[in-house]
Every structure is written in structure tokens, then in C-alpha cells.
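Bear in mind that the values in this text are calculations on the coordinates, not laboratory data. This one's a predicted model, so the numbers in the text were calculated from it and none came from an experiment. All Cβ positions, glycine included, derive from the backbone under ideal geometry; neighbour counts span all protein chains shown.
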Protein chains: 2
Amino acid sequence: MAAPKTRNNRQTPCEQCPLRALPHFREFKPDELEFVSNFKTGELAVDAGTTILVEGSNSAHLFTVLSGWGFRYKMLDDGRRQILNYMMPGDLIGLQGSLMGEMQHSVEALSPITLCVFERDKLGVLYRNYPDLAYDLTWIAAQEERILDENLLSIGRRSALERAAYLLAFLYQRAKASNLFKGARVSIPITQQHVADTLGLSIVHTNKTLKKLGERKLIRWADRGCDILDDEGLMKMAGWEGYHEKSRPFI
Amino acid sequence: MAAPKTRNNRQTPCEQCPLRALPHFREFKPDELEFVSNFKTGELAVDAGTTILVEGSNSAHLFTVLSGWGFRYKMLDDGRRQILNYMMPGDLIGLQGSLMGEMQHSVEALSPITLCVFERDKLGVLYRNYPDLAYDLTWIAAQEERILDENLLSIGRRSALERAAYLLAFLYQRAKASNLFKGARVSIPITQQHVADTLGLSIVHTNKTLKKLGERKLIRWADRGCDILDDEGLMKMAGWEGYHEKSRPFI
DNA sequence: CGCTATTTTGACCAAGTTCAACCACGGTGG
DNA sequence: CCACCGTGGTTGAACTTGGTCAAAATAGCG
């Protein structure tokens, strides 16, 4: 019997959150942990390709990624798509919608993904009683802004080859920090169409660009995914300093 | 005798803040106003072209624009520049740096600009005692994120003509909301080099693109600036819905 | 095995870049 | 008053990057 596509019942208690154990994420104080545990109303597990949030909708929930990959994107009327960023474990989804009503971007699952679902109505309580968590929320929003800044620089001013190198090095480093590469296999689960829509290029040109990176032994394109062979090399090609982050907050 | 280039003494008390009077910005509660008034340590007035914050520096202050225009940008090692966003009255500058230490972008004055200077060390007090202001800070960060999302879509997926139309319509609408067009004159104080660095285009192609917009009677390029003749037309050309915002917070 | 999604390749085309002038305008100094 | 200079804007020609079209190769998957 097949598993249902989505489940909504509570599964991982925050007290045993596997992300909290990672060195990359900051610790909670006991009272914060208790609040967050209460803030969380359940989990949502969806398959790859499922749309989690839709641009223009108002019923925004607030989520944190517990496991898996997703991406944020916007579309123009004629179907042109721009991927804005990728979501990995520990990332918050739907803050914009929770604060300001209508979503102005969509979110889709890139792999099977599990999300912690939070009750947006309790955000007020959070701001009133947990200033450190409130600070963390602002921090998270500002961090996302930084990532977008770098993306904008990339798309606006880097060549196709530099852009691709930057994107892959960036995803690699972020995924590594979120402990997404448990085994020896270091693979990013995206198609070349995703890469194209992230970089603002056509698929054909993206393919040719990735091939060049492959010829230089920086990456290997696997089926529906990309193995990073030399992230130092990618960073050098992109002229990118890398992504330094000691410990970051999450909710 | 010429006025000094920068002054640091307190001039406009928050109680008489001209921005608070605008319908576009939200009201403060009395205790918030008192706190903010105390949070503000002075004003900084600089000439056009002055660099206000530098990428890589750590001495980040926190500012709000009181009057004038500025812009945020990043540069690559070889001098390629990408403008990320423009700052106008009511906009917060330096939040990223205040929360996370090192600035990862620079800010420059586009016109003579006056800034309210805040004491970044008091941010903790703000979060502990003024949850509504803390919420506003997150809101502001999330709003900036939205703007960057739309920018990314623009640069990644719109044609040069669409991009230019979007940028100018966007700046026009934001500036109008911040009451920057007091007189009859509706002019955005940027050079074509700024437009090029915002859109990710060369200056030559930018010039030709703007000329097309001029031929269609959507804009008129004045000396060191741009007059918007038909913002509806620009929005239509960009396929952009516009920028709906009732009332926004500011600090 | 047949189906669909994805990747790959080649030929041709178009948008945008680079190079190289040239113009307009507002100082500034002689 | 005028020559000179610097900034910003304008223009055309040659060139390059990346886009479009079309078709084939490849890889899961039921």
C-alpha cells in the first residue's frame, strides 16, 4: 500500500529536532523551546514537484523545512519563470506572506520534503514574549536579503559560466552546512531547467555552460542532479569569497 | 561661507518628523515615539556621490533616510557594479550590518541626503520592550526581500525594454509614496550609468533602450534625471501590476 | 517495450556588448 | 570672453554571447 502524499499529523517533537543537534544551528533556551514546540501545529510531508505555496494566495502558513529541498520562484504572465532561491533544512518559508498577507512568490518541493507547520496567529505572542526569537526572525529575513543581493549581482553582472559556478558552489556550501550530504554522495537534486530558470538563461545555453564546467572537472552532471567535484575551483571561477557563517538561528 | 559637507548635530526632533505626517507611514504610539526619539542620536547630511556605507566594513551604523535619494550596490573585483535597490525617505539603511556584523554591500548618496542616525546598541532594548517596533523591523526586512524578488525576476527574465520600464515605474511609484515629488516636477535623479548598473545592461544599450521609451512618450530623459510621462504605460510594457501598499511602518 | 522527461547537439539568429567617435553643457582658469 | 576639461549623453559598426529552432540521444518507469 502506497503512503499518502501528504500527512498532517505531528511527528517529530521539537525537543528531539534533528536540526537542533547540528553545530550549524543555534541552541534554544528552555522556555523558547517550549514555546516553539507549542507554536508548531504539525508536519507536512509532500512529494517532489508539489506546490507548497502559490503566488497571489492569502492563506499563507508559516513553515520551517525539516528535511528535503524546495525552491521559491515567480512567474511572468507568459510563463517565463525566475527561481529566486532554494530552501533547505532550517529555512523558513512563508514569512513574507505571514507578515504582509498575500504571497508574492510560489514555493515548490524539489525533492520529497517535510515541513514543520506553525500557527501564524501566534506570531504576536512570539514578538511580545520572546524577543530573542523575534530578533532571530529579523535576522533570518536579513540573511535571505543578503542571499538575494548576491544573486542579483550574479545575474546582473556575471557571465553565464561565472553564474553557473557561483550557483553550484553556493548550493553546495549551504547544503553541506545543513547536513544534506549524509553519505559520500554529494549531489544537488535539480534539473538543468532549474539551473536555467535560476540563472536567467535558456536551457540550451545552460546545458552548454554546464558541459564546460564538466570538462574542467569542476562538476559532474548526474541524472537529475549535480555532483560537485571541486567547490574551490567553482568559487574561484565565480570570483566568490564563499559563505561564512558560524551559527545561525532557526525556528 | 560654504556649508560644511557633513553635520552631525541633532536637528529634526522625531516628534516633528515630517515623514510621520505622511499618510503613507504608520503612526507611532506615544511610548514608541519616545523610545525612537531617544534611539536617534543625531543626523547626518551628505552630498550627492558620498559613500555612506562600505562593503566589508564593520562599523555599521543604522540609519533612516529623512530626505533625499541613495542606492545600495555590490561590486565584483574587476569593477563590475550591480545596483541592488534605491533608498528614499523612510527607508532603513544598515540593518543587515547591524544584525550580522560586516556589511556585504555599499550605500551611496544619489542626491544630497539627510539621515537619522540610530544607536545600534539599543536594538536589544527595542526587541525586549517594543514588540511592535520589532515586528516592524522584520516587516521592513521582508518588504526589502519582496522588492529584491521582483528585481531578480526583472533582470533574469525580462527583456531590456521591459526591465527599463519596470525600473522606472517602480521608482516613480515608490518616490511618489514618499512624497518626493513636491512640486510639479516629477524627476528621478539618476544617470544612465545607474540605470545600466541596475538593469545589468551596458550603458550603450541602456541609452538606446531609454530612447525607445522616450519615442513612445513614456518618459523624457532630462539632464541627470528622468521624467515619468506615463507610468501606466510603463507598467503595461513591463507586465507589472504595480506596487500596492496602504500604510507602512518606519523607524 | 513504449512513454515521457531530460539532456545533448548543431545550425542559425537576435539581443546586447564593445569600440570608437562625437556632441552638449557647465564649470574654471587665464 | 574664450579655451579647456570633465561628465554625461548619443550614435554607428563590428562583434559576441546567448537565444531559438529542430532533432536526436538517453534514461527512468510502468
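Okay, here's what the table says:
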quantity: Relative exposure of A:Ile228, B:Ile113, judged by other C-beta atoms within 10 Å (fewest first); calculated: A:Ile228, B:Ile113
quantity: Sparse-neighbour loop sites [trypsin sites (Lys or Arg not before Pro); the stretch A:172-251; at most 10 other C-beta within 10 Å; DSSP]; calculated: A:Lys182, A:Arg185, A:Lys217, A:Lys246
quantity: Using a 7 Å Cα-to-Cβ projection, A:Ile203 label spacings across copies, nm, ascending; calculated: 4.0
quantity: Fraction in percent of alpha-carbon pairs per bin - 10 Å, the stretch B:1-140; calculated: 11, 41, 36, 11, 2
quantity: Pairs of lysine residues in the stretch A:155-251 - Cα separation under 23 Å, sequence separation of 8 or more or cross-chain; calculated: 11
quantity: Hydrodynamic radius by Kirkwood, which averages 1/r over all alpha carbon pairs of the stretch A:50-93, in angstrom; calculated: 11.6 Å
quantity: log10 of Debye I(q)/I(0), alpha-carbon scatterers only, for the protein assembly as shown at 0.09, 0.11 Å⁻¹; calculated: -0.64, -0.98
quantity: Whole-number D in µm²/s for chain B (Stokes-Einstein; Kirkwood sum over Cα pairs; 20 °C, 1.002 mPa s); calculated: 113 µm²/s
quantity: Equivalent-ellipsoid semi-axes of the stretch A:104-208, from the Cα gyration tensor, Å, largest first; calculated: 31, 18, 14
quantity: Selection from B:Ile83, B:Leu99, B:Ser37, by position along the positive dipole direction of the stretch B:14-147 (Cβ); calculated: B:Ile83
quantity: Nearest 10 degrees, 0 to 90: helix A:160-177 Cα axis against chain A principal axis; calculated: 40 degrees
quantity: Dipole magnitude of the protein assembly as shown about its Cα centre (Cβ charges: Lys, Arg +1; Asp, Glu -1), debye to nearest 20; calculated: 1180 debye
quantity: Packing-based exposure ordering (other Cβ within 10 Å, fewest first) of B:Thr64, B:Thr51, B:Thr12; calculated: B:Thr51, B:Thr12, B:Thr64
quantity: Mean projected area in nm² (Cα convex hull; one quarter of hull surface) for the stretch A:16-68; calculated: 5.1 nm²
quantity: Quarter of the Cα convex hull surface for the stretch B:149-238, i.e. its orientation-mean projected area (nm²); calculated: 5.5 nm²
quantity: Using a 7 Å Cα-to-Cβ projection, B:Glu102 label spacings across copies, nm, ascending; calculated: 4.0
